[in-house]
Amino acid sequence: MSSSTDFVLAVEDLTVSFDGFKAIDNLNLYIDKNELRVIIGPNGAGKTTLLDMICGKTRATSGSIKFKDEEMTTLPEYTRVRRGIGRKFQTPSIYENLSVFQNLEVSFPLGRSVLGAIFFKCTDEVKDRVSAVALEIGLSALLQTEAGLLSHGQKQWLEIGMLLMQEPELLMLDEPIAGMSVRERELTAELLKRICQNRSVIVIEHDMEFVKKIAHKVTVMHQGKILAEGSMDTVQSNPAVIDVYLGH
Ligand code: ADP
Ligand code: MG
């Protein structure tokens with residue numbers, strides 16, 4: 001099963017078993033370059049576990065995860081980050097006492113080595129990257145604001161920005177609009193459409209109005225497997241999907 005592929009991400013026959021319970025069960029998933037894929041499905045379907053396995057937080061029992069044709073399954077989490085896999089968790093991990101600028105600055109990859117962090121200097125390259133990312137996440141006007149003073153939605157965008165500082169080629173977001181206002185949800189949809197122009201994005205989301213706005217393709221998971229996959233319209237009219245998920 002070591003055939004070469006053009007996909008950014010190719011997940012094949014992936015399985016993880018927790019004490020005999022298969023949270024991910026022989027799953028296949030292929031993500032294109034610059035694709036924005038949304039994963040939906042009932043609670044416990046295995047959506048979060050799948051992202052955990054792609055980023056290396058959870059080890060596969062069997063199967064393959066190829067990122068840009070390189071096998072990831074045996075690589076530790078930090079190596080996958082360096083290869084270009086970025087993952088945003090549900091609870092934001094920004095530095096509340098630092099400004100928006102400083103939060104982005106410390107996320108610049110130079111700080112990846114201990115020595116790099118110690119001798120870190122705010123070079124023009126870093127400033128340019130901070131400006132570009134601030135524009136992408138809509139926080140250009142708030143660069144000097146202390147992060148703790150941002151709204152809930154702005155904090156989420158800042159954290160996305162911190163991931164973008166590392167220029168990931170695959171960005172994964174688990175329920176990014178939870179707790180956001182209507183306006184923040186709209187702005188997040190625009191933000192995600194912007195950032196997938198330069199990279200692939202996988203989003204787990206429940207809000208179907210939001211999914212409709214952003215998804216190129218939708219994958220429906222159920223019991224660790226893929227129940228359906230395709231355009232929003234195809235998936236929404238699939239009787240099996242209505243039965244296990246959309247009907248509730
Ligand atoms: P979703 O994100 O789709 O709601 P999860 O991926 O969080 O689902 O969970 C899928 C299933 O795997 C659930 O039944 C959950 O209880 C189980 N599970 C997830 N992680 C673990 C773990 N570390 N140990 C045991 N069971 C787990
Ligand atoms: Mg989850």
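The values are calculated or read from the model by the stated rules, or taken from the named source; none is laboratory data. This one's a predicted model, so the numbers in the text were calculated from it and none came from an experiment. Please note: Cβ atoms are built from the backbone with ideal geometry, for glycine as well, and neighbour counts cover all protein chains shown.
Of everything listed in (1) without any contact (Cβ under 8 Å) to a residue 24 or more places away in the chain; (2) under 24 Å from Glu105 (Cα atoms); (3) in contact with a strand residue (DSSP E or B) (Cβ under 7 Å, 6 or more places away or on another chain), the single unmet condition for Glu229 is (2). Inspect the stretch 179-192 for any residue being within 16 Å of ligand 2 (Cβ to nearest atom) and more than 17 Å from Ile137 (Cα to Cα) and give the result as yes or no. Looking for residues that are within 16 Å of ligand 2 (Cβ to nearest atom) and more than 17 Å from Ile137 (Cα to Cα), one finds at least one in the stretch 179-192, hence yes. For the stretch 38-87, a tally of residues being among the hydrophobic types (A, V, I, L, M, F, W, C), within 14 Å of ligand 2 (Cβ to nearest atom) and either under 25 Å from Ser231 (Cβ atoms) or in a loop (DSSP other than H, G, I, E, B) (or both) returns 7. Pairing each residue of the stretch 17-32 that is polar (S, T, N, Q) with any residue that is assigned to a strand (DSSP E or B) and surrounded by fewer than 16 Cβ atoms within 10 Å (Cβ to Cβ), provided the two are 6+ apart or on different chains, yields C-beta distances under 9 Å for Ser17/Ser62; Asn26/Asp13; Asn26/Ser62; Asn28/Asp13. Anything in the stretch 188-233 that is of a type outside the set (A, V, I, L, M), in a strand (DSSP E or B) and away from ligand 1 (no atom under 16 Å from the Cβ)? List them, or say none. Passing the criteria: Ser200, Lys217, Gly230. Take Lys213 and decide whether it is surrounded by fewer than 19 Cβ atoms within 10 Å (Cβ to Cβ), modelled with pLDDT of 95 or more and touching a helix residue (DSSP H, G or I) at 6+ places or on another chain (Cβ under 9 Å). For Lys213, the condition - surrounded by fewer than 19 Cβ atoms within 10 Å (Cβ to Cβ), modelled with pLDDT of 95 or more and touching a helix residue (DSSP H, G or I) at 6+ places or on another chain (Cβ under 9 Å) - is met. The residues of the stretch 62-79 that are aromatic (Phe, Trp, Tyr) and free of Cβ contacts under 8 Å to residues at least 40 places away in the same chain amount to a single one, Tyr78. Taking the stretch 158-177 as the range and being charged (D, E, K, R), under 17 Å from Pro92 (Cβ atoms) and touching a Phe, Trp or Tyr at 6+ places or on another chain (Cβ under 9 Å) as the test, the residues that pass are Glu159, Asp174. Of all residue pairs spaced 6 or more apart or on separate chains, those with beta-carbon atoms under 7 Å, a first member in the stretch 103-131 that is modelled with pLDDT under 80 and a second member that is in a loop (DSSP other than H, G, I, E, B) are Leu110/Phe120; Gly111/Phe120. Of all residues in the stretch 43-74, those that are crowded, with 17+ Cβ neighbours inside 10 Å and not β-branched (Val, Ile, Thr) total 15. Beta carbons closer than 9 Å, at least 6 apart along the sequence or on distinct chains, pair a first residue in the stretch 34-58 that is closer than 13 Å to Val16 by Cβ with a second that is near ligand 1 (Cβ under 10 Å from one of its atoms) and among the basic types (Lys, Arg) for Gly46/Lys22; Leu51/Lys57. Each residue in the stretch 178-211 was checked for being under 20 Å from Phe89 (Cα atoms) and polar (S, T, N, Q), and 3 of them qualify.
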